[in-house]
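Where a number appears in this text, it was derived from the coordinates with a stated rule and is not lab data. Keep in mind the model is a prediction, meaning the values are calculated, not measured. Note: ideal-geometry Cβ built from the backbone for every residue, glycine included; neighbour counts use all protein chains shown.
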């Protein structure tokens, strides 16, 4: 549907203009050959990939009129059988529950759609490989979401994902390492610079302190210090050193709270960076 409007005076000639174009869409040559039909895009975040339809629950017909009690009762029965037919087997029930839990956790963590799609693909691989057996659905779903964050370079800590999924960190960690051992997946480490951007935003650091911290991280990467230490600990130590060098008033407690680490971790990594990079700090 569309509108036909006069380009000179703005008068609306017609409000029921129908699109006479093709009933298919194509974004590349391959899709032009197959003539893909229009509709909702397919997604891995729904157990049936978005193929199914839903029966309206408001009790109205196609013209918006209310249904009489007999018709409404029939529609409600159709809705019940429709839901049962959509989720017929144990695998569908497992996927439905797991994907809904992942969607809730992704919403709490403010994760983009591509991370949720990647997590859904990982969980589907896990359930097809019988890796869910011996673990709770929530723990495997949470582990899939964390693995997707790693693959998409979207920084979220293991404990953050566990809290969003409302499971114990130990259970989440066990399920994640189980997937890591049994799935042939490339899971890179987080880039320390990604942590730095997050810390700068949370601490409201000055631009000068951010540039200094970035330079310290660059030198730390060149020196190979990020290979043997957690990227987050190196990033938080570089942040603390930059604040000391630029006079930015950020205490160890403030930085530890923003980075979700202990002050002992900051002091340990701080001393290592100062020693290895020969940084002079006036106390």
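Some points to look at:
- Relative contact order (%) - the chain, alpha-carbon pairs under 8 angstrom, separation at least six: 10
- Rounded to the nearest 0.05, the FRET efficiency derived from the C-beta distance between residue 169 and residue 97 at R0 = 30 Å is 0.90.
- Between 0 and 90 degrees, the angle of helix 137-151 with respect to the longest Cα principal axis of the chain falls at about 70 degrees.
- Against the main long axis of the alpha-carbon atoms of the chain, helix 231-246 sits at an angle near 60°.
- Difference of contour (0.36 nm per residue) and Cα-Cα distance, residue 61 to residue 85: 6.4 nm
- Under the Debye formula (equal points on every Cα, no solvent term), log10 I(q)/I(0) of the range 43-169 at q = 0.10, 0.11, 0.12, 0.16 Å⁻¹: -0.41, -0.48, -0.55, -0.79
- Whole-number D in µm²/s for the chain (Stokes-Einstein; Kirkwood sum over Cα pairs; 37 °C, 0.692 mPa s): 140
- With respect to the chain, whose longest principal axis is taken over its alpha-carbon atoms, helix 90-109 is tilted by about 50°.
- Taking each DSSP H run with n ≥ 4 as -39500 (n - 2.57) and averaging over every residue of the chain yields -18500 deg cm²/dmol at 222 nm.
- At R0 = 51 Å, FRET efficiency that the Cβ-Cβ distance of residue 223 and residue 48 yields, to 0.05: 0.50
- Coarse-grained scattering of the range 155-283 at q = 0.10, 0.17 Å⁻¹, given as base-10 log I(q)/I(0) from a Debye sum over alpha-carbon atoms: -0.35, -0.89
- Potential lengthening between residue 108 and residue 254 on full extension [0.36 nm per residue; Cα-Cα distance subtracted]: 50.2 nm
- In terms of packing, defined here as the mean over residues of other Cβ atoms within 10 angstrom, the peptides 8-16, 219-227, 153-161 line up highest first as 153-161, 219-227, 8-16.
- Estimated at 0.36 nm per residue, the fully extended path between residue 187 and residue 70 surpasses their Cα-Cα distance by 36.5 nm.
- Whole-number percent relative contact order across the range 185-283, with pairs defined as alpha carbons under 8 Å at least 6 apart: 31
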